[in-house]
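Peer 1: This structure is in structure tokens; I'll ask about it shortly.
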Amino acid sequence: MRTYAYYPGCSLESLSMSYHQSALETAKELDIELREIEDWNCCGATAYFHADELLAYTLVARNLAIAEKDGLDFVAPCSGCYKNAYFTNKYLREDPELADHINFALEADNLHIGGTTNVLHLIEVYVNDIGLDGIKNKVTRPLKDVRVAPYYGCQLVRPRKDHEDTENPQLFEELISAIGAEAVKYNSKTRCCGGSLIITNRDAALDMVYKLLLDAEKNDTDVIATICPLCNVNLEVYQKHVNREFGTHFSIPVMYFTQILGIALGIAPGRLGIGKEMVSAAPVLNILQSAESGKPL
Amino acid sequence: MAEKLTFGKEIDNLLYAQHGNPIKSCIQCGTCAGSCPSVEFMDHTPREIIGLIDAGYKEEVLSSNTFWTCASCYNCTVRCPAGIEIANLMYALKRYTIWKDQYGEDLIGPKFSESFVKMIMRTGRSFEPILAPSYIFKYGAKDLIQEAQMASTLVLKGRMPLLPKKIKRLDNFRQMVRRIIPIGGDS
């Protein structure tokens, strides 16, 4: 069984705890171990990078250094944490002076970073490491007739890391097809949800969420699948705010990709944290139930 | 005599770690403005901000809301034909105005960032309910009520713990931070 250093991030301890639950449940089902990084700290989100760059790298480096001690790859389910960890790791590898400076700070917690760990997003572990065939083999309840809109958001694909396709990535669609669902084609799949502007510039963020929901609805979406807690909260918890602001009547379920995958793997919805939504996910479960001639999930 | 540092050069220097191209390489094509999902809420488009920096309009740039309206989505960065790290430039401008204590009074962003930093120093982790007081007073009465209703629903659904988590080696953590920035600390 392959083991990863798992960095849940702060959101998965509160608003997005169902992402945490469904990540652990699906990992177990797919025979990998997500071993939580001992005594991890906040990655600095975006706010710390507004205040001090070096300090923000240091916060991220502490988590990476703890993962390195165990010789494990670092995996984050949050795209923000993932982006911070990926690029901090990269800058430290490329810039020995920066690494020296940060290692001096890390000594205070008896840690050292050498840049030897690999940083991955959870969806990369599932699609690339376990692989689509590995997942297909474990599907017991294909999501037939469910139209899933893959919502990539920003930071899995941007900034560019290598030569990957930042405009039209495909791994999420591939995962959706592997679990028997239909991937919705829509233009907004990598358009920003507003991120932390939901707190600091509400008007701008609600406008961004509105445009995403509109595009998903126009393309007959049964459920939007997300790979980031902040995207999920903006699209789901703030859907009511959007309706009030724009006079719309959106009621589009938004679920973590691990929840959708979990259903396909035959895991009971309750164990995936389903039922804690502000926009009910019941319509999605109902499609499956009627497809299975009324048998409850 | 040392050459006087222009505003453009000063901002370039803030982008050191990212190794992007200097602001001078901008061709003013407007791809950034056309790719930005929050541009209509900015008083200057990203293209204009880069032009203003290059032309040395420091006050105009620093008093702009543009960089605090940037959601850090990096769409401009990946599309820029001149290879400028535009989103990181927005970060650099945010830091610059926080350091110089020179930002628009009505902006929530800088206050949010400051309370975020203080919170991390206290517990090592982020916790939404503690952050709220720093910006919530900016909202109107109607928004406040909606916010309170939302928070109580989230608590009832078990999505909002009432106590923040602390990391265990908090003393080491604070010492680590002090090694980077000698001020601050136990606040």
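Peer 1: Pick from A:PHE250, A:PHE246: which is surrounded by fewer than 17 Cβ atoms within 10 Å (Cβ to Cβ) and among the aromatic types (Phe, Trp, Tyr)?
Peer 2: The unique qualifying residue is A:PHE246.
Peer 1: Can you tell which of A:LEU197, A:LEU175 is closer than 30 Å to A:ASP31 by Cβ and either more than 14 Å from every other protein chain (Cβ to nearest Cβ) or free of Cβ contacts under 8 Å to residues at least 24 places away in the same chain (or both)?
Peer 2: A:LEU175
Table: residues versus (1) modelled with pLDDT of 95 or more; (2) more than 14 Å from chain B (Cβ to nearest Cβ).
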{"position": "A:TYR7", "(1), (2)": "yes, no"}
{"position": "A:LYS28", "(1), (2)": "yes, yes"}
{"position": "A:ILE32", "(1), (2)": "yes, yes"}
{"position": "A:ARG35", "(1), (2)": "yes, yes"}
{"position": "A:GLU53", "(1), (2)": "no, no"}
{"position": "A:ALA61", "(1), (2)": "yes, no"}
{"position": "A:VAL75", "(1), (2)": "yes, yes"}
{"position": "A:ALA85", "(1), (2)": "yes, yes"}
{"position": "A:ALA105", "(1), (2)": "yes, no"}
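Peer 1: From the list B:CYS73, B:CYS32, which residue is open to solvent by less than 40 Å² (accessible area, probe 1.4 Å), part of a helix (DSSP H, G or I) and under 27 Å from A:TYR86 (Cα atoms)?
Peer 2: Just one listed residue meets the conditions, B:CYS32.
Peer 1: Taking the residues in segment B:159-176 that are closer than 19 Å to A:THR58 by Cβ and in contact (Cβ under 8 Å) with a residue 24 or more places away in the chain as candidates, determine which candidate is surrounded by the fewest Cβ atoms within 10 Å (Cβ to Cβ).
Peer 2: This residue is B:LYS166.
Peer 1: Do you know which residues across segment B:19-66 are within 20 Å of B:PHE7 (Cβ to Cβ) and at the interface with chain A (Cβ under 9 Å from one of its Cβ atoms)?
Peer 2: B:MET42, B:ASN65
Peer 1: Can you name the number of the only condition in (1) among the aliphatic types (A, V, I, L, M); (2) modelled with pLDDT under 95; (3) surrounded by fewer than 21 Cβ atoms within 10 Å (Cβ to Cβ) that A:LEU214 fails?
Peer 2: The failed condition is (2).
Peer 1: Out of the residues in segment B:88-110 meeting the condition of being of a type in the set (D, E, K, R) and part of a helix (DSSP H, G or I), tell me which one is farthest from the other protein chains (Cβ to nearest Cβ).
Peer 2: That would be B:ARG95.
Peer 1: Residues in segment A:58-100 that are over 21 Å from the mean Cα position of the chain (by Cα) and assigned to a helix (DSSP H, G or I): how many?
Peer 2: So the answer is 15.
Peer 1: A follow-up question, please. When residues of segment B:38-57 are filtered for being in a helix (DSSP H, G or I) and crowded, with 17+ Cβ neighbours inside 10 Å, how many remain?
Peer 2: Residues flagged as in a helix (DSSP H, G or I) and crowded, with 17+ Cβ neighbours inside 10 Å within segment B:38-57 amount to 10.
Peer 1: Give just the number: which of (1) surrounded by 15 or more Cβ atoms within 10 Å (Cβ to Cβ); (2) modelled with pLDDT under 80; (3) aliphatic (A, V, I, L, M) does B:LEU144 not satisfy?
Peer 2: Exception for B:LEU144: condition (1).
The values are calculated or read from the model by the stated rules, or taken from the named source; none is laboratory data. Predicted, not measured: the structure shown is a model, and the values here were computed from it. Here the Cβ is made from the backbone with ideal geometry for all residues, glycine too, and neighbour counts use every protein chain on show. Please note that ligands, DNA and RNA were not included when accessible areas were found on the heavy atoms of the full protein model with its side chains. Shrake-Rupley method; radii C 1.70, N 1.55, O 1.52, S 1.80 Å.
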